[in-house]
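Inspection log for the structure reproduced underneath, given as structure tokens.
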Amino acid sequence: MSKRAVQAGAAADVLAPYLERLRTELEIPVDYPADALLEAQAAAAREFDAGPDSARQDLRDLPFVTLDPVGSRDLDQAFFLRRVAAADAEPAGFEVFYAIADVASFVEPGGALDAETHRRALTVYGPDGRFGLHPAVLSEGGASLLPDVDRPAVVWRMRLDASGELLDDIDVRRSVVRSRAQLDYASVQRQLDDGTADELLQLLAEVGQLRIDAQFKRGGATLEVPDQEIERSEDGTRYRLVLREPLASEEFNAQLSLLTGIAAARMHRLAGVGIWRTLDEARPEDVERLRRVATALGFDWTPSSSYADFVRTVDTSRPEYAAFATEATRLFRGAGYVAFGTPTNPEVPRGASHSAIAAEYAHVTAPLRRLVDRYGSEIALAFCAGREVPSWVVDALGALPAEMAAGSQRANAYERGTVDLLEAVLLGPLVGEELDGIVVESSPTGEATERRAKATVLLRDPAVRARVVGDASALELGAPVVVRVESVDPDKRTVTLSVVSPGPAPRRG
């Protein structure tokens, strides 16, 4: 097989049995129990009223839109933004309406579907499909914020000042909404770049950038890391690996979600009941280690600049950036959840913030795909309405951190396993060939007799990350390298490479 054929990707039917075996190995739930599926089907058929005689406010006149990857059907969020002019004593600013799928109105607490969602915790995504937290009849049907249909939603109304800071005027209520359009990131980015974006998308970019600036001002940081992704052909018959740079439109949209999570955490604190997403602060010694790595790679990270300040200025176009980004992703550790206001943990925690966001933060914006969000939203709804948090919410909080950790571990293992599998299949026809790459991780082997190193090499084409052992002088972090594909094993999802020689020196910008 030629390299051109390899670049075209791996056949889906070749990968199918391996993927099925991986799901069995990791115990990925595929089918739903009959009673849970029946509950979902009945719930999806419900109709939801809005207006003066309903507990739901009618917001169908607001032109909400969704923004997701192309082809998405499980649409958790829709947004509408407008500028608020200065009036009387109020400053100018923005009003953000963020609609979240009202999953709790479809799932009966204590029912079969509820039990199944606790077993799954997360939607698991793979190259040949998604294995949902909820059955598709809900997540891609009755509960999804699809365009041109009325949908129940939990709608957050938030006010921002002219600098993008969140004000205390936060409201969250059950509503009925009607999305006007299903947008995708690439199309929105093109419109922003070529100047054809409408007022709503221009506001998205403006508010998104203000929120990014506010995050850095708080001491948080956002690092643009190229994603190694599995791309499926339009006809669904082949898969290939690509390295994809995040688009600005994705980050702007993500900032609306982060804003809502910060607002939710604020309400949880006031309610004295909540569940927050947390991330430990980077240890000073780890920041200093990363600073040394950056300096060794030729980046100018001055002693007076913080990590947040530096990542705003780092040149992402340089080849060495892949090595720096790989090292930087290990800077923050200890992501998890903390629940409070429960019999076993009654006190609101101190210092339980998300260090990358630099704020207290709660997951509430993806309830179709993430179990914990359903509970975070119910706490905010109860507080805003001036009523007690439902007992079914409080009773479940204590177990949620462990449930989410187990679900995340399973989903991450499946994602990594599918990439490892595709790497092995794609490189199979290239055994014996030499390929160019760059060293993105490197550490000594511990062998006392030789100066050897274990390294991760990012190949350029195909976009594969693979381990290699060789002479440490050829495997310095950020160094270009030529490797030979020695063997592959799709059954074990492994690739064996050897170092041939250092590669050509990268161009420095």
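Only the coordinates and a few stated rules stand behind these numbers; no lab work does. Here the structure is a predicted model, which is why all the values come from computation and not from measurement. Because the Cβ atoms are built from the backbone with ideal geometry, glycine has one as well, and the counts that use them run over all protein chains shown.
Quick notes on this one:
- Size check on the chain: the Cα extents along the three principal axes, sorted descending, read 77, 57, 53 Å.
- Loop trypsin sites (Lys or Arg not before Pro), segment 211-303, which have at most 16 other Cβ atoms in a 10 Å radius of their Cβ (DSSP): none
- Calculated [222 nm] ellipticity per residue, helices only, for the chain: -11000 deg cm²/dmol; basis is -39500 (n - 2.57) per DSSP H run with n ≥ 4, divided by all residues, nearest 500.
- Percent RCO, i.e. relative contact order, over segment 160-290, from Cα pairs under 8 Å lying at least 6 residues apart: 23 percent
- Each of the GluC sites (Glu not before Pro) that DSSP puts in a loop and that has at most 12 other Cβ atoms within 10 Å breaks the chain; the longest unbroken stretch is 48-233.
- The gain in end-to-end length when the Asp280 to Arg460 segment is fully stretched comes to 61.5 nm, 0.36 nm per residue minus the alpha carbon separation.
- Taking every alpha-carbon pair under 8 Å whose residues sit at least 6 apart, the chain reaches a relative contact order of 17 percent.
- Membrane-span-like helices in the chain (whole DSSP H runs, Cα extent of at least 27 Å along the helix axis, mean Kyte-Doolittle hydropathy of at least -0.5): 199-218, 248-271, 400-427.
- Among the trypsin sites (Lys or Arg not before Pro) in segment 332-423, those placed in a DSSP loop whose Cβ has at most 16 other Cβ atoms within 10 Å are Arg333, Arg350, Arg387.
- Relative contact order, whole percent, for segment 362-509 stands at 19, derived from Cα pairs under 8 Å and 6 or more residues apart.
- Diffusion coefficient, µm² s⁻¹, Stokes-Einstein with Kirkwood Rh over alpha-carbon pairs of segment 155-306 at 4 °C and 1.567 mPa s: 68 µm²/s
- Over all projection directions, the Cα-based convex hull of segment 382-509 averages an area of 14.1 nm².
- Plainly put, segment 186-238 has a radius of gyration that is 1.14 times its Kirkwood radius, both from alpha-carbon atoms, as the Rg/Rh ratio.
- Segment 285-316 residues near the modelled Glu224 label - backbone nitrogen below 12 Å, point 7 Å along Cα→Cβ: 312-316
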